[in-house]
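*Asks:* Provided herewith is a single structure, encoded as structure tokens, for subsequent inquiry.
The values are calculated or read from the model by the stated rules, or taken from the named source; none is laboratory data. Computed from a predicted model, the values in this text were never measured in an experiment. Cβ coordinates were reconstructed from backbone atoms using ideal geometry, including for glycine residues, and neighbour counts include every protein chain displayed.
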2 protein chains.
Amino acid sequence: MIKATSSNAANKAFLYQSCRINAALDVISGRWKALIIIHISEAQNRFSLLKAVLAPVSDQTLGRQLKELESSKLITKTIIAEVPVRVDYHLTEKGKALLPILQDLSEWNDR
Amino acid sequence: MIKATSSNAANKAFLYQSCRINAALDVISGRWKALIIIHISEAQNRFSLLKAVLAPVSDQTLGRQLKELESSKLITKTIIAEVPVRVDYHLTEKGKALLPILQDLSEWNDR
DNA sequence: CAGAATCCCTTGGGATACTG
DNA sequence: CAGTATCCCAAGGGATTCTG
């Protein structure tokens, strides 16, 4: 039959085809993603810095969200082979283009 | 101890306090909400009409999303006591203000 | 017509421990 | 320092059935 199991994926596909907005929302709807993007834009671009400002997040979750943002092409990851290894995150052009939209959203909700 | 159980709500509270964006994202991150808002703005503002354009959605889920949008003050619900009862949905000012932002998001993702 | 009630399953996110 | 591996739980969504 394949009913309950496939409907979830099928519905998702339907949404993607219906409107590009759904794809866009998917990209930014991770629980911490918007905040991660904002902090990276403000030079909080190291794993430990992010962990500090996003205090209650777990390593696992933070790592997952970063990986997803990277595969969505919103951020890039640069590994620097220093003594204690260091990793810098930076926004891509697409990531930067999202900032004013997030700003609009924030103002929208304040009204 | 209250650990695993309370952390979810605690993290959510943290996000809300950190930035207004999280509250805004919460409002529009239901799976069908963006599409519902768009269709209502285009006069597909009846339950059955919405169900038709959002083909694979279930009654239950559609009803839930509508109720959430209503309590977020994005749409209003008007019950008209005709022979087969009829219900009209309309966007509030806040709901209308969201449309251009959704448009921006859509264009952003197309780049 | 427009839902509410009930039940079930997938998924996102969290806790903890371990690694290059 | 910057993660990954495992395991687990709550919540969002979906299917189906029933109602004013």
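*Asks:* Please tell me if A:GLN44 is more than 13 Å from the chain's Cα centre (by Cα), free of Cβ contacts under 8 Å to residues at least 40 places away in the same chain and not in a helix (DSSP H, G or I).
*Replies:* yes
*Asks:* Considering each of B:LEU98, B:LEU62 in turn, give the residue that is surrounded by 18 or more Cβ atoms within 10 Å (Cβ to Cβ), closer than 30 Å to A:ASP110 by Cβ and among the hydrophobic types (A, V, I, L, M, F, W, C).
*Replies:* Sole residue among the options that is surrounded by 18 or more Cβ atoms within 10 Å (Cβ to Cβ), closer than 30 Å to A:ASP110 by Cβ and among the hydrophobic types (A, V, I, L, M, F, W, C): B:LEU98.
*Asks:* Criterion first (at the interface with another protein chain (Cβ under 7 Å from one of its Cβ atoms) and under 22 Å from A:ASP104 (Cβ atoms)) does B:ILE21 satisfy it?
*Replies:* Values: at the interface with another protein chain (Cβ under 7 Å from one of its Cβ atoms): yes; under 22 Å from A:ASP104 (Cβ atoms): yes.
Yes; evaluated as a whole, the condition is true for this residue.
*Asks:* Return the residues of region B:26-59 that are buried (at least 20 other Cβ atoms within 10 Å of the Cβ) and small (Gly, Ala, Ser); say none if nothing qualifies.
*Replies:* B:ALA34
*Asks:* While we're here: Residues of region B:55-70 being in a helix (DSSP H, G or I), of a type outside the set (Lys, Arg) and more than 7 Å from DNA strand D (Cβ to nearest atom), which ones? I'd like the intermediate steps shown before the answer.
*Replies:* So in region B:55-70, the residues in a helix (DSSP H, G or I) come out as B:59-70.
Next, only the ones that are of a type outside the set (Lys, Arg) stay: B:59-63, B:65-66, B:68-70.
B:LEU62, B:GLY63, B:LEU66, B:GLU68, B:LEU69, B:GLU70 - these are the residues of region B:55-70 that are in a helix (DSSP H, G or I), of a type outside the set (Lys, Arg) and more than 7 Å from DNA strand D (Cβ to nearest atom).
*Asks:* Working carefully through the options A:LEU50, A:LEU62, A:LEU35, find the one that is at pLDDT 95 or above and in contact with a Ser or Thr (Cβ under 8 Å, 6 or more places away or on another chain).
*Replies:* A:LEU35
*Asks:* Return the only residue of B:ALA81, B:ALA13, B:ALA52, B:ALA97 being within 16 Å of DNA strand D (Cβ to nearest atom) and either within 11 Å of chain A (Cβ to nearest Cβ) or not small (Gly, Ala, Ser) (or both).
*Replies:* Matching residue, one of B:ALA81, B:ALA13, B:ALA52, B:ALA97: B:ALA13.
*Asks:* What is the one condition in (1) within 11 Å of DNA strand D (Cβ to nearest atom); (2) more than 26 Å from B:ALA23 (Cβ to Cβ); (3) surrounded by 13 or more Cβ atoms within 10 Å (Cβ to Cβ) that A:ILE75 does not satisfy?
*Replies:* Here A:ILE75 meets the rest and fails (2).
*Asks:* Turning to a different aspect of this structure: Considering every residue within region B:76-97, establish whether at least one is of a type in the set (A, V, I, L, M) and more than 16 Å from DNA strand C (Cβ to nearest atom).
*Replies:* Within region B:76-97 (the criterion being of a type in the set (A, V, I, L, M) and more than 16 Å from DNA strand C (Cβ to nearest atom)), the answer is yes, since at least one residue qualifies.
*Asks:* Checking A:VAL27 against (1) facing chain B (nearest Cβ under 8 Å); (2) within 11 Å of DNA strand C (Cβ to nearest atom): exactly one of these is not met. Which one?
*Replies:* With (1) facing chain B (nearest Cβ under 8 Å); (2) within 11 Å of DNA strand C (Cβ to nearest atom) applied to A:VAL27, the lone miss is (2).
*Asks:* Residues being over 15 Å from the mean Cα position of the chain (by Cα) and closer than 15 Å to A:SER29 by Cα: count how many of those fall in region A:62-93. If you could, list the steps in order and put the result at the bottom.
*Replies:* Filtering region A:62-93 for residues over 15 Å from the mean Cα position of the chain (by Cα) gives A:78-88.
Those still in the list that are closer than 15 Å to A:SER29 by Cα too: none.
Residues meeting the conditions: 0.
*Asks:* Go over the candidates A:ILE101, A:ILE21, A:ILE38 one by one and state the one that is touching a residue at least 24 places away in the same chain (Cβ under 8 Å) and part of a helix (DSSP H, G or I).
*Replies:* Values: A:ILE101 fails: touching a residue at least 24 places away in the same chain (Cβ under 8 Å); A:ILE21 fails: touching a residue at least 24 places away in the same chain (Cβ under 8 Å).
Of A:ILE101, A:ILE21, A:ILE38, the one residue that is touching a residue at least 24 places away in the same chain (Cβ under 8 Å) and part of a helix (DSSP H, G or I) is A:ILE38.
*Asks:* Check A:GLU42, A:GLU82, A:GLU93 and return the single one that is out of contact with any Pro (no Cβ under 7 Å at 6 or more places or on another chain), within 17 Å of B:TRP108 (Cα to Cα) and among the acidic types (Asp, Glu).
*Replies:* A:GLU93
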